[in-house]
Structures are given as C-alpha cells and as structure tokens.
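Chemist: To start, I am sharing the structure in question, which I have written as structure tokens.
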C-alpha cells in the first residue's frame, strides 16, 4: 500500500467527520439520527434489524438512538404481533413533520457541500467511493460483521 492509498482512506475519514459536523450545523439534526428518520420516511415501517442492515449501523448504537427518538416522540416501537423478538419501528406524525420541515435545509446542505464541483468530478468521486465501500463491505463480510450485509 502506498502513502497515497493511506492518505485517501485518511482523507475519507476526515471528510466524513467534517460532513457530520456541517450537516448538524446546517440542518439542525445530528446525521446518525437524521439517517434513521430518513430511512423510516422511505420505509413506512421497518424492523430494527432492517434498519441495521440498511444503515450499516451497529445494532446497539441503533437501539440507543431508537430509545432517544422514541423519548422525543419521533418514532414508535412495538413488538411484532407474530414474533415478539422482533421490534417494529415507525415514524410518528411529529417525526414526519420534522423530516418535512428540515428538507429545505438538507437540500441546501447538499448544494453548499458540492458547490463548484463539476458533475463529471462528482461522478468520478462517487464511482471511487462506491468501489472502496464494496471492498470494505467484503472485508467486513469475511469477519461476519453486520456491516458487511448488503442493503
């Protein structure tokens, strides 16, 4: 592995940290929390296991987030009627309102974050990041981690 390869991975991590901070500052919501709410907006009801897989998130971290979201009245959690080992999650009316109200800030965040980048460069960056993600998922699958399971 060359120094340039290591620098790419380190730059990805720095960029991710900067994105998390900027997203919260611009949109007003922490990105991990937002990702859960947005996933539930896309999937009207989901199991926590489905969310773990879709969000590539640690199950314990998701449970902690869910407790906070439920406490804030943004989601409801209930046992599956056919299998009480499964927890189903859905957005509340307040959760749906929060998502709808924050969409303009979210779209503005994307515009600002990618300002000045040519579409061709964005396409190249997306392709490279997708390839790295696939490599990382394969690595995780080899170790049996939940993060390696496809969406």
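Chemist: Condition test on residue 95, is it part of a loop (DSSP other than H, G, I, E, B), modelled with pLDDT of 95 or more and over 23 Å from residue 132 (Cα atoms)?
Modeler: When the stated conditions are applied, residue 95 does not pass them.
Chemist: Need a quick list: helices (runs of 4 or more DSSP H) entirely within region 14-81 having at least 2 residues that are over 27 Å from residue 111 (Cα atoms).
Modeler: Of the helices (runs of 4 or more DSSP H) lying wholly inside region 14-81, those with at least 2 residues that are over 27 Å from residue 111 (Cα atoms) span 48-55, 59-71.
Chemist: Look through 58, 42 and report the one residue that is touching a residue at least 40 places away in the same chain (Cβ under 8 Å), surrounded by fewer than 15 Cβ atoms within 10 Å (Cβ to Cβ) and within 20 Å of residue 29 (Cβ to Cβ).
Modeler: None of the other options fit; the residue is 58.
Chemist: Would you check if residue 51 is touching a residue at least 60 places away in the same chain (Cβ under 8 Å), within 11 Å of the chain's Cα centre (by Cα), surrounded by 16 or more Cβ atoms within 10 Å (Cβ to Cβ) and within 13 Å of residue 90 (Cα to Cα)?
Modeler: When the stated conditions are applied, residue 51 does not pass them.
Chemist: Do we have any residue at all in region 27-36 that's over 29 Å from residue 137 (Cα atoms), surrounded by fewer than 15 Cβ atoms within 10 Å (Cβ to Cβ) and in contact (Cβ under 8 Å) with a residue 40 or more places away in the chain?
Modeler: Yes: one or more hits.
Chemist: Return the residues of region 61-87 that are within 13 Å of residue 45 (Cβ to Cβ) and surrounded by 14 or more Cβ atoms within 10 Å (Cβ to Cβ); say none if nothing qualifies.
Modeler: If the condition is that a residue be within 13 Å of residue 45 (Cβ to Cβ) and surrounded by 14 or more Cβ atoms within 10 Å (Cβ to Cβ), then 75, 76, 77, 86, 87 are the ones that fit.
Chemist: Here is a follow-up. Filter region 104-124 down to the residues that are within 21 Å of residue 22 (Cα to Cα), in a helix (DSSP H, G or I) and out of contact with any helix residue (DSSP H, G or I) (no Cβ under 9 Å at 6 or more places or on another chain) and list them by number.
Modeler: 104, 107, 110, 111, 122
The values are calculated or read from the model by the stated rules, or taken from the named source; none is laboratory data. Here the structure is a predicted model, which is why all the values come from computation and not from measurement. Glycine gets a Cβ as well: all are built from the backbone with ideal geometry, and neighbour counts include every protein chain shown.
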